[in-house]
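The structure under discussion appears below in the form of structure tokens.
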Amino acid sequence: MKNLLLAVLVFALLAVASTGLFAQQGKISFGVGADVALPMTSGFSDTQSLGIGGTAKGYYIFNDMVTFNATAGYITFSGKDYTPAGSPAGTSIKAGSWSQIPVMVGARYYFSPASSSFRPYGAFEMGLIFSSYSYPDVKVNNVVVFPGGSVSGSDFSYQPQIGFEASKFDVAARLIGVSGASAVAFRVGYIFN
């Protein structure tokens, strides 16, 4: 799967480079935004609460209706107290924190021309999410039975989105599709021209 993702990313970069992305002045813009994410996947939503973070986006305006974009960011979810399946009644464990660093490329299609002050759009991005999970010590009667630590890895992610641009503001909702840790996220951003 990672080889397929690498091939797709290389192809996308070559396709974008062949359109003269880096040679056309005035066709590139940048944006930053604040993100809030709600865990959805069973297990992930049982142990993690609301995620907060931010993203930076780069846009290449291909024409009035299509924009290619790249996104990088950081979202962290704090752990909840939960009872593991099969545990005795009254057992509660504090889950650790989960962090995601998305690195995505994609495209956006606008449903109204660039001259409009309100521009709804649909978008799709794909790429990698680098994840880290830090967990605390597990104690029974104040005795550590499982020491804390952290694990990390990366997964392929897809992110369908709907949103709108109004003036220089960008508001969107998206599904963060990633194995075992999917979420619905909302973003409010500002675009610099």
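The values are calculated or read from the model by the stated rules, or taken from the named source; none is laboratory data. All figures in this text were calculated on a predicted structure; none of them were measured in a lab. Positions of Cβ are backbone-derived with ideal geometry, glycine not excepted, and every protein chain shown enters the neighbour counts. These accessible areas exclude ligands, DNA and RNA; they are computed on the full protein's heavy atoms, side chains included. Shrake-Rupley method; radii C 1.70, N 1.55, O 1.52, S 1.80 Å.
With all pairs of different C-alpha atoms in the average, the Kirkwood value for the hydrodynamic radius of region 27-94 is 14.8 Å.
Candidate cross-link partners of K94 among the lysines, defined by an alpha-carbon separation under 22 Å and a same-chain spacing of 8 or more, comprise K80, K139. Applied to region 101-114, the Karplus parametrisation 6.51 cos²θ - 1.76 cosθ + 1.60 on θ = phi - 60° returns per-residue 3J(HN,Hα) values of 10, x, 10, 10, 10, x, 9, 10, 10, 8, 8, 9, x, 4 Hz, with x for Gly and Pro. Counting only the Cα atoms, region 123-190 fills a convex hull of 119 Å³ per residue. So what does log10 I(q)/I(0) come out to for the chain at q = 0.18 Å⁻¹, using the Debye formula with one equal point on every Cα and no solvent? With one equal scatterer per Cα and no solvent, log10 I(q)/I(0) is -1.20. Between I191 and S49, the distance separating the two model label sites (each 7 Å from Cα on the Cα→Cβ line) works out to 3.5 nm.
Using the Cβ-Cβ distance between A85 and S154 with R0 set to 30 Å, the FRET efficiency from 1/(1 + (r/R0)^6) comes to roughly 0.65. Principal-axis analysis of the Cα atoms of the chain puts helix 2-18 at an angle of about 20° to the longest axis.
Extending 7 Å from Cα along the Cβ direction at S115 and again at T41 yields two label points whose distance is 4.6 nm.
Counting alpha carbon pairs within less than 8 Å and at least 6 residues apart, what relative contact order, in whole percent, applies to the chain? Don't jump to the answer; show the numbers that get you there.
Numbers: 467 pairs, mean separation 38.9, N = 193.
Relative contact order here is 20 percent.
Could you work out how far the C-alpha centroid of region 117-140 sits from that of region 38-69, in angstrom? Their Cα centres are 7 Å away from one another. Only protein heavy atoms count here; on that basis, with a 1.4 Å probe, V143 has an accessible area of about 80 Å². Residues in region 66-76 carry Karplus couplings, in order, of 10, 10, 8, 9, 10, 9, 9, x, 8, 10, 10 Hz; the curve used is 6.51 cos²θ - 1.76 cosθ + 1.60 with θ = phi - 60°, and Gly or Pro positions show x. Shown for the chain: the carbon plus sulfur share of the solvent-accessible area, taken with all protein chains present and a 1.4 angstrom probe, equals 68%.
Using the rule -39500 (n - 2.57) for each DSSP H run of four or more residues, divided by the residues of the chain, the 222 nm mean residue ellipticity is -3000 deg cm²/dmol.
For region 126-193, trypsin sites (Lys or Arg not before Pro) meeting the loop criterion (DSSP other than H, G, I, E, B) and having at most 12 other Cβ atoms within 10 Å: K168.
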